[in-house]
1. Enumerate the helices (runs of 4 or more DSSP H) found wholly within region 61-133, keeping only those where 1 or more residues are in contact with a Gly (Cβ under 8 Å, 6 or more places away or on another chain) and either without any contact (Cβ under 8 Å) to a residue 40 or more places away in the chain or closer than 19 Å to residue 231 by Cα (or both).
2. Test residue 197 against the criterion of being crowded, with 18+ Cβ neighbours inside 10 Å and out of contact with any Phe, Trp or Tyr (no Cβ under 9 Å at 6 or more places or on another chain), and give yes or no.
3. Checking the structure you have, find out if any residue of region 184-195 is out of contact with any Gly (no Cβ under 9 Å at 6 or more places or on another chain), among the acidic types (Asp, Glu) and part of a loop (DSSP other than H, G, I, E, B).
4. Name the one entry in 287, 299 that is over 28 Å from residue 135 (Cα atoms) and in contact with a helix residue (DSSP H, G or I) (Cβ under 7 Å, 6 or more places away or on another chain).
5. Within region 226-257, how many residues turn out to be surrounded by fewer than 16 Cβ atoms within 10 Å (Cβ to Cβ) and polar (S, T, N, Q)?
6. State which residue pairs qualify: first residue farther than 24 Å from residue 52 by Cα and inside region 247-274, second residue among the β-branched types (Val, Ile, Thr) in any location, beta carbons under 6 Å apart, and separation of 6 or more residues or different chains.
7. What are the pairs, 6+ residues apart or on separate chains, where a residue within region 33-58 that is touching a residue at least 12 places away in the same chain (Cβ under 8 Å) and on the phi > 0 side of the Ramachandran plot has its Cβ under 7 Å from a residue that is hydroxyl-bearing (Ser, Thr, Tyr) and part of a helix (DSSP H, G or I)?
8. Quick check, is residue 263 of a type in the set (Val, Ile, Thr) and modelled with pLDDT of 90 or more?
Amino acid sequence: MEGLKTMAMSPDPVRGNSLSAPAGQHSALSGNGLAVASMLTWAAGFPAAEVLLQTWPPVALLAARLALAVLVMVPVWVILDGPRRVVSARWGHAMTVGGLGIGLGMFLLILAQKLTDPVTVAIIVSCAPLVATLLELAAGTRRLKWNFALGVAVSIVGGLIATSALAPAQLGLGAACAVGSTVLFCWASMATARDFAELSQTGRTTITFVGGLAMASLLVFGSAQFGLDVMPATAFDMQQAGMLMIYALISMGLSQVFFITSVGKLGVALASFHINVAPFYVMLIMLMLGDEWNWTRALGASIVAMAVVLAQDRAPRSAQVG
């Protein structure tokens, strides 16, 4: 049981859970800042993916993305945590969490973007706060309060507005893949922050990426056995190399480190609110690349920001002895 707590970090988290560590205004501020940084870096991957998916099969892009991230992040992890902690880590559990949540979840997201478009995927992913809240309620790590439930609803509305559409233009298999990816990602983020507390934030992210790479290798092997394309359609050039580095190291590696750290401070439900601002961040990136400003997405982003503030219980509580 936790010691003295003077403020609830997020709406009525259950005491004693590692995802709901004691935090005041400073911790909430830093947790939200990390979530913003995570979404900014994650958004950079959407334009990069659009370029790569023109010539890369989804399964090949998944494997290349994870392989590059693991290649760079494992040595960093060894330096930060030391070889002994790396060897003694919960590798079996990481294969499950990373394989399903990162490997399969990421494949479904890439496939959804391939089958539909980034806007449709972003609309569907706006259900992430609801999914994450249900997961935390099921795990017993959160008690639902009215302000948090209202924050979830407002966040979803803001996410829909930020995508400049209230209904996906294309549904079917692509939409189903996006929903499945969202559920797996939220579950894996919660499990990563909760079950690998002995590791650094980089270590928690990296060990699940290794599990994701194992799943990606199985998907590539299975696709090849069924005669599907598993290699890029064109020769690998400098443009593809640059896009892959953004997609793997910034949009996935750095973004996930930020997000898992944010989950540890805020809980997965509240941290996932920020996912709904991603379409606005994508617009900012595309603006720098020559696209036009979109006031509707700016409005949606501001609504999500309001939802984040609304969902956090800032009222001081009397000290509680655990």
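The values are calculated or read from the model by the stated rules, or taken from the named source; none is laboratory data. In this text the structure is predicted, and so the values were computed from the model without any measurement. So basically every Cβ, Gly included, is an ideal-geometry build from the backbone, and we count neighbours across all protein chains shown.
1. It comes to 105-115.
2. No: the conditions fail for residue 197.
3. The answer is no, given that none of the residues of region 184-195 is out of contact with any Gly (no Cβ under 9 Å at 6 or more places or on another chain), among the acidic types (Asp, Glu) and part of a loop (DSSP other than H, G, I, E, B).
4. Being over 28 Å from residue 135 (Cα atoms) and in contact with a helix residue (DSSP H, G or I) (Cβ under 7 Å, 6 or more places away or on another chain) holds for just one of 287, 299, which is 299.
5. Number satisfying all stated conditions: 2.
6. Cβ pairs passing all conditions: 260/192; 260/205; 269/133; 271/263; 273/308.
7. Nothing qualifies.
8. Spelling it out, it is not the case that residue 263 is of a type in the set (Val, Ile, Thr) and modelled with pLDDT of 90 or more.
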